Amino acid sequence: MEVKFDEAALKTANKIISRYPEGKKKSALLPLLHLAQAEFDGWLDVPVMDYIATLLAIKAIEVYEVASFYSMFNLKPVGKCVIEVCHTSSCWLRGAEEIIQHLENKLHIKAGETTADGKFTIKRVECLGSCGTAPMFQVGAQYYENLTTEKVDTIIENLDKSGKRTTYFDEVSLTAHK
Amino acid sequence: MSTKLLLKNDHVANINKLEVYKQHGGYASAEKAIKTMTSDALVDEVKKSGLRGRGGAGFPTGMKWSFLAKPAGVPRYLVCNADESEPGTFKDRYLMERHPHLLIEGMICSSFALGANTGFIYIRGEYFYIVPILEKAIEEAKAAGYLGNNILGTDYNLELHVQVGGGAYICGEETALLESLEGKRGNPRMKPPFPAVAGLYGCPTVVNNVETIAAVVPIVAMGGDEYAKIGVGKSTGTKLISASGHINKPGVYEIELGKVSVEEFINSEEYCGGVWKGRKLKAVVAGGSSVPILPTNLILQTSDGNPRMMSYESLGEGGFISGTMMGSGGFIVMDETVNIAENLYTFNRFYHHESCGQCSPCREGTGWMEKITHSIISGHGKPSDIDLLWDLQTKIDGKTICPLGEAAAWPVASAVRHFRADFEKLIH
Ligand SMILES: Cc1cc2nc3c(=O)[nH]c(=O)nc-3n(C[C@H](O)[C@H](O)[C@H](O)COP(=O)(O)O)c2cc1C
Ligand code: SF4
Ligand code: FES
């Protein structure tokens, strides 16, 4: 299958590229990788990275080395909802490990794994800047904060029902953490 | 009455909208700067204000600005560091989400002072949801004539862009940030040259933290001398503190520097509201994960027996033996139930994960420190491991390209220095 942005995504990509001075288009690489990950099933397969290289007229290796450096880019398939749970100090102090345990028991997978139905992935991540509303996790663009095991149950149920793939471009409810 | 400069409109509904922001005095500083001041006069006001970088290092902002090279015909850049990934720090997020126009106005004033016609806000990728908030504010400011060409009828032009990162703490280090902004891995650069001479695309660049840039707005409004009257000594102005951990009221608080004691900050209802569950205080990391952790007696009092205050100098009193640092203002509180070795493990894992891997002392050392603390907290530690940890951190500190090495070493040094008993408790 040929990898290509659809018209809308291509328009966004070109708008991003136009921000940078002539000859500095490589600056668009991280934003375009985010766009590509959202457009192509939540991860960056080699043909996807090659496509981005072509768009920016850079070598494929320049894309691979960047994609593999940053923790938000997935180089393997992931579930429709990637649950990124913070386990750093402030969250740890307020029960992050209990939240991870609860998720693992509930979804019958370990952190780092994806459920058999392809719906959920649990990912342990470092501080997400939500330390004052710990414990927390992020799913797509949405932060879920001040978590309790009951809250986690409701969130997972709702995500499960929606069945949609979550991305960092999703619209976010800003009241969730207030 | 406490002095509020950055969060003075925190209670105002819809302050994220330009018209509301303007009703509360917004964009008056931008107008004043662009219409009535020269760039040099603006840099002077910031120098007089005594403002120090709020990103962690505390370097005087006016001085940093005056280092900017100005070769003719070469563009200059202002880059806002919104990477905010230091564990325990979430004030930039708060500011950007709720007060986007304060940052945009600060970017306008600062860019004007530096003679920059393009500015970037480099925001950590995890804060994706804030991008549309900032972009909306930029759009509104542009429509109102504060951005774009011929701002407010003058010949000054400025474009601002928001750039997202990809998830990497190291990209908060300013040269790694610039590499990342150029579409590369976040590997810190060797210095010199400093960004002021060769920064983004090899052009003169200033990188400043979100809160630093926002603070330029009140400085322009009141003048540098007036700003310098707020605070104490070389700790001028106000600082946003991100308070988290075992307290009743975690959150972002604006304090006047040097006027609030650590004890008051922890216990007063105006701030943290006391240690949670009626428990006793055990330790505080006062300025984000990278600064030395202190036990109760040392965080509440300096070595000469005076109350420790929330200021750069007072927090630093006693150096590495009995003091700590203001850092980013990430204030993490731990109650009496915490074993500090266990907390240290979360930091060591963090720094190992975030090391860019360029220098072997950092890459290997952080890995070893993570492994050893993991072994200790899982009950497999040996008595000699404590000294090994100490030894390892001395082999990183000061021997690396960028300060992440030190940032990883100091938490280990201070945990071993002040909480040796906690390690011993876990070693049988
Ligand atoms: C490992 C590392 C991470 C850093 N992270 C940040 C950050 O997230 N935000 C920030 O403003 N400064 C960060 N800094 C400091 C920056 O390098 C730089 O000093 C700062 O952006 C300058 O702005 P200021 O003078 O306004 O504080 C970091 C430094 C290091 C060594
Ligand atoms: S100190 Fe660590 S993070 Fe900094 S350049 Fe060296 S390896 Fe990279
Ligand atoms: S420690 Fe979890 S969000 Fe900061």
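The values are calculated or read from the model by the stated rules, or taken from the named source; none is laboratory data. Worth saying up front: this structure is predicted, and the values here are computed from it rather than measured. With ideal geometry, Cβ positions are generated from the backbone for all residues, glycine too; neighbour counts draw on all protein chains shown.
Observations, loosely collected:
- Subset tally (residues that are modelled with pLDDT of 95 or more and either under 17 Å from the mean Cα position of the chain (by Cα) or surrounded by fewer than 19 Cβ atoms within 10 Å (Cβ to Cβ) (or both)) for segment B:396-405: 3
- Matching option when the condition is in contact (Cβ under 8 Å) with a residue 40 or more places away in the chain, surrounded by fewer than 23 Cβ atoms within 10 Å (Cβ to Cβ) and touching a Pro at 6+ places or on another chain (Cβ under 8 Å), among B:Phe347, B:Phe320: B:Phe320
- Residues located in segment B:335-374, provided they are over 30 Å from B:Asn187 (Cα atoms) and not charged (D, E, K, R): B:Thr337, B:Val338, B:Asn339, B:Ile340
- From B:Gly327, B:Gly365, B:Gly405, residue being within 16 Å of ligand 1 (Cβ to nearest atom) and on the phi > 0 side of the Ramachandran plot: B:Gly327
- Matching residues, segment B:371-408, being free of Cβ contacts under 8 Å to residues at least 40 places away in the same chain, touching a Leu at 6+ places or on another chain (Cβ under 8 Å) and aliphatic (A, V, I, L, M): B:Ile372
- Test: residue in segment A:144-161 that is part of a strand (DSSP E or B) and under 17 Å from B:Phe128 (Cβ atoms): yes
- Members of segment B:325-338 found to be in contact with a Leu (Cβ under 7 Å, 6 or more places away or on another chain), more than 20 Å from B:Glu254 (Cα to Cα) and not hydrophobic (A, V, I, L, M, F, W, C), listed by number: B:Asp335
- Residue in segment B:255-264 that is away from chain A (no Cβ under 14 Å), over 19 Å from the mean Cα position of the chain (by Cα) and aliphatic (A, V, I, L, M) present: yes
- Any pair with Cβ under 6 angstrom, 6 or more apart, that starts in segment B:144-171 at a residue that is in contact (Cβ under 8 Å) with a residue 60 or more places away in the chain and ends at one that is acidic (Asp, Glu) and not in a loop (DSSP other than H, G, I, E, B): B:Tyr169/B:Glu354; B:Ile170/B:Glu354
- Residue check, B:Asn339 within 16 Å of ligand 3 (Cβ to nearest atom) and buried (at least 17 other Cβ atoms within 10 Å of the Cβ): no
- Any hit, segment B:211-222, residues being at pLDDT 95 or above, under 21 Å from B:Val74 (Cβ atoms) and of a type in the set (S, T, N, Q): no
- Hey, A:Leu30 more than 22 Å from B:Asn187 (Cα to Cα), within 9 Å of chain B (Cβ to nearest Cβ) and buried (at least 23 other Cβ atoms within 10 Å of the Cβ) or not: no
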